[in-house]
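Here's the structure, in structure tokens; my notes come after.
The values are calculated or read from the model by the stated rules, or taken from the named source; none is laboratory data. Only a predicted model underlies this, so the values are computations on that prediction, with no experimental measurement involved. Cβ: placed from backbone, ideal geometry, glycine included. Neighbour counts: every protein chain shown.
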Amino acid sequence: MTYTIKDDCIVCDNCQPECPNGAIKPEAEREGYWIDPTLCDGCPDVEIPRCVAVCSAGSLAPLQPKKGRRKSTLLPPAIPAIFLNGKTTSFASSMVVWEACNILAQRQPWQTDADGQLCYRRAVHRGRGEMRFRLAADVESDLPIPMATDKVAQAIAQFDIRAACAHLIFAAYAVTVDCPWEEPFVLNDQHFERYLGLDKRKDLTKLDKLTLIKDLVYQACQLLVALDWPRQGKVKAFSLDEQPVWRLLNVEYYFEEDAQGYRHLIGLGFTVRAGIWAKHFLNKRECRRQTAFYQYGSLPQSLLIEVMSNWQQHEGGVRLLLWLLFKLRLGGDHRLTVRTLLHIAYGEDRLIEATTVRGAHKRLLKTFESDLETIYYYGLKPLFDAETYSLDIQPLWARAADIPDDVDDALEFWVNDANQIRSLTDTAPRDKWQRLLNARLSGFEPSAEWQQVIRRRAPKRGRKQPPSVQVEQLSGSAIKAARQRQNFTQRTLAEHLGKSQSWVRDIENGRFNIIPEDQARLRQTLEIY
Ligand code: SF4
Ligand code: SF4
């Protein structure tokens with residue numbers, strides 16, 4: 001229950017100092033106060049709310065939520081809207097943005113610096129440079145004053161992983177302006193609702209949504225960053241003093257009055273500007289002169305929706321997805337150890353607990369396999385390294401994915417399975433956890449949407465490229481028809497290609513796009529010309 005101040009307020013100033021949440025704010029345009037409903041929680045710990053207890057004029061009243069859907073025409077438009085194709089948008093993907101995303105998502109360990117203040121440090125370019133992050137004491141302040149050390153631990157503990165979504169939305173808006181460190185961009189709650197899938201949540205009131213959006217925006221704007229960057233190619237070394245990663249310039253509140261004259265919050269507008277880091281990492285003009293970088297990637301909207309819907313049940317899986325968004329687009333070798341994935345998903349403390357406390361590893365193992373399954377169903381198929389992550393220690397869902405859909409193929413599968421030394425339904429080996437710690441994934445097979453995300457950067461200008469040959473994508477039904485023409489089961493085809501049976505099934509169902517090398521091998525094996 002939130003409270004509101006009525007028109008008969010005599011401005012005695014008694015209530016403002018009593019509010020533990022700082023929800024009572026002075027009016028900007030006239031003498032008096034208003035209550036920020038995104039901060040007022042109705043003082044649930046006391047019988048009479050603190051402000052009501054000190055108001056002799058009886059000017060405070062509980063605010064009943066408005067019924068029905070509200071969309072304000074007062075809200076300023078966000079210019080331009082992102083996700084124009086409804087699927088992906090460009091976003092700033094520099095190391096600063098990646099590490100800030102990790103901080104919001106992973107609750108990284110913070111250290112005490114030379115001034116005795118808590119900070120998060122990250123070495124860059126093999127220790128030749130460094131990024132230092134701290135939290136701002138007040139995100140609305142013009143000055144980047146760090147938060148007092150005794151408050152930092154509590155603020156970190158309250159980080160909501162969903163704030164990483166607000167951070168990524170800012171990173172997407174930053175690429176819509178030419179000089180993001182100078183030009184602010186404006187967003188309103190309706191855009192957040194749409195991008196985060198909150199517009200479909202019927203269980204939340206408008207005020208719940210506005211409170212959540214504001215909270216996520218404030219958390220994303222809380223990070224300060226200082227940089228010492230080494231020389232890279234022609235880009236000279238530089239240092240930056242502590243500045244916000246995202247500067248929150250203004251928050252607009254939009255109210256609507258009901259028949260009793262009570263004002264209901266129906267919208268929020270945020271004016272945000274990228275920090276000065278963008279001058280070095282998101283600078284189109286200087287990038288052409290090779291004196292700065294312009295680093296961007298592709299952000300799928302489905303990732304934001306996935307984070308918003310799975311952040312509670314699969315927090316570890318969601319952390320991995322956010323990390324992979326940046327990691328996979330770097331290109332090159334995507335081999336990852338299970339230990340690294342565990343570290344990112346659950347943190348060092350949980351990993352130590354699993355290796356030292358009796359029985360704790362079983363819980364972590366179960367969670368990890370379930371989180372990996374979430375990633376698979378989202379659209380990134382883990383590729384298990386045959387040597388170190390063999391079939392007997394793979395998750396049951398991955399082994400079960402090999403069971404064919406076709407009844408005859410399924411029968412053959414179970415007959416073969418019964419004749420093998422280890423059957424699908426056998427319990428895991430006793431040393432599974434130890435072996436898993438040394439196991440590797442050779443990468444992730446991306447869905448069509450994620451292929452766009454990890455596409456390598458455009459080749460450098462000036463270098464001659466061989467003419468590209470357009471090869472028509474093989475459809476799932478064409479592959480299935482060709483396989484049946486050859487009298488191959490899914491298993492036989494998988495063996496010919498050195499792939500798993502589930503890979504064959506997935507491409508036949510059109511679940512993943514097939515990379516050109518695999519297409520060529522499929523055409524050759526199935527004689528598709
Ligand atoms: S009800 Fe409590 S939280 Fe709300 S404005 Fe009054 S004192 Fe602040
Ligand atoms: S205590 Fe009551 S009368 Fe005094 S400022 Fe607050 S709401 Fe107004």
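Here are the numbers:
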{"item": "Asp228 being within 30 Å of Gly129 (Cα to Cα) and touching a Ser or Thr at 6+ places or on another chain (Cβ under 7 Å)", "result": "yes"}
{"item": "Residues of region 358-375 classified as in contact (Cβ under 8 Å) with a residue 24 or more places away in the chain and either within 14 Å of Ser502 (Cβ to Cβ) or outside any helix (DSSP H, G or I) (or both), total", "result": "2"}
{"item": "Top-ranked residue of region 32-58 - restricted to ones that are of a type in the set (Ser, Thr, Tyr) and either surrounded by 14 or more Cβ atoms within 10 Å (Cβ to Cβ) or in the same structural domain as Arg263 (by TED's automatic domain parsing) (or both), ranked as nearest to ligand 2 (Cβ to nearest atom)", "result": "Tyr33"}
{"item": "Leu204 vs. criteria among the aliphatic types (A, V, I, L, M) and either in contact (Cβ under 8 Å) with a residue 60 or more places away in the chain or not assigned by TED's automatic domain parsing to the domain that holds Arg107 (or both)", "result": "no"}
{"item": "Residue match in region 383-402 (condition: within 17 Å of Gln501 (Cα to Cα), among the hydroxyl-bearing types (Ser, Thr, Tyr) and either in the same structural domain as Asn513 (by TED's automatic domain parsing) or within 26 Å of the chain's Cα centre (by Cα) (or both))", "result": "no"}
{"item": "Which listed residue is at pLDDT below 90 and surrounded by 21 or more Cβ atoms within 10 Å (Cβ to Cβ), from Leu265, Leu320, Leu299, Leu282", "result": "Leu265"}
{"item": "Selection count, region 13-38, where residues are out of contact with any Ser or Thr (no Cβ under 7 Å at 6 or more places or on another chain) and touching a residue at least 40 places away in the same chain (Cβ under 8 Å)", "result": "4"}
{"item": "Leading residue by the ranking (nearest to ligand 2 (Cβ to nearest atom)) among those in region 1-31 that are over 19 Å from Leu210 (Cα atoms) and part of a strand (DSSP E or B)", "result": "Ile5"}
{"item": "Strands (runs of 3 or more DSSP E) wholly inside region 74-158 that include at least 1 residues being closer than 20 Å to Asp241 by Cα", "result": "118-124, 129-135"}
{"item": "Inter-residue pairs, beta-carbon under 7 Å, first without any contact (Cβ under 8 Å) to a residue 60 or more places away in the chain and over 18 Å from Asp215 (Cα atoms) and in region 166-185, second charged (D, E, K, R) and in a loop (DSSP other than H, G, I, E, B), 6+ apart", "result": "Val177/Glu183"}
{"item": "Residue ID - nearest to Phe255 (Cα to Cα), chosen from residues in region 35-56 that are out of contact with any strand residue (DSSP E or B) (no Cβ under 6 Å at 6 or more places or on another chain) and among the hydrophobic types (A, V, I, L, M, F, W, C)", "result": "Leu39"}
{"item": "Number of the exception - Met95 against (1) within 30 Å of Val225 (Cβ to Cβ); (2) modelled with pLDDT of 90 or more; (3) away from ligand 1 (no atom under 14 Å from the Cβ); (4) not assigned by TED's automatic domain parsing to the domain that holds Cys287", "result": "(4)"}
{"item": "Looking only at region 499-529, and only at residues there that are under 31 Å from the mean Cα position of the chain (by Cα) and of a type in the set (Ser, Thr, Tyr), the one that is surrounded by the fewest Cβ atoms within 10 Å (Cβ to Cβ)", "result": "Ser502"}
{"item": "Criterion: free of Cβ contacts under 8 Å to residues at least 24 places away in the same chain and either not basic (Lys, Arg) or not in a helix (DSSP H, G or I) (or both) - qualifying residue of Gln312, Gln290", "result": "Gln312"}
{"item": "Tally, over region 268-279, of residues that are assigned to a strand (DSSP E or B) and buried (at least 17 other Cβ atoms within 10 Å of the Cβ)", "result": "6"}
{"item": "Whichever residue in region 334-348 is of a type outside the set (Ser, Thr, Tyr), surrounded by fewer than 18 Cβ atoms within 10 Å (Cβ to Cβ) and touching a residue at least 40 places away in the same chain (Cβ under 8 Å) and, among such residues, is nearest to Asp385 (Cα to Cα)", "result": "Arg335"}
{"item": "Identity of the residue in region 431-450, at pLDDT below 85 and not small (Gly, Ala, Ser), that ends up surrounded by the fewest Cβ atoms within 10 Å (Cβ to Cβ)", "result": "Glu449"}
{"item": "Subset of region 393-432 (residues that are in contact (Cβ under 8 Å) with a residue 24 or more places away in the chain and under 16 Å from Phe368 (Cα atoms))", "result": "Ile393, Pro395, Leu396, Trp397, Ala398, Arg399, Ala428, Lys432"}
{"item": "Of the criteria (1) modelled with pLDDT of 80 or more; (2) surrounded by fewer than 16 Cβ atoms within 10 Å (Cβ to Cβ), which one Gln470 fails", "result": "(1)"}
{"item": "Pick from region 376-392, criterion free of Cβ contacts under 8 Å to residues at least 60 places away in the same chain and in a loop (DSSP other than H, G, I, E, B), ranking: farthest from Trp311 (Cα to Cα)", "result": "Glu387"}
{"item": "Enumeration of residues in region 494-529 that are in a loop (DSSP other than H, G, I, E, B) and of a type in the set (A, V, I, L, M, F, W, C)", "result": "Phe512, Ile514, Ile515, Ile528"}
{"item": "Subset of region 52-92 [within 16 Å of ligand 1 (Cβ to nearest atom), at pLDDT 90 or above and under 30 Å from Gln301 (Cβ atoms)]", "result": "none"}
{"item": "Pick from region 8-31, criterion loosely packed, with under 15 Cβ neighbours inside 10 Å and of a type in the set (Gly, Ala, Ser), ranking: nearest to ligand 1 (Cβ to nearest atom)", "result": "Gly22"}
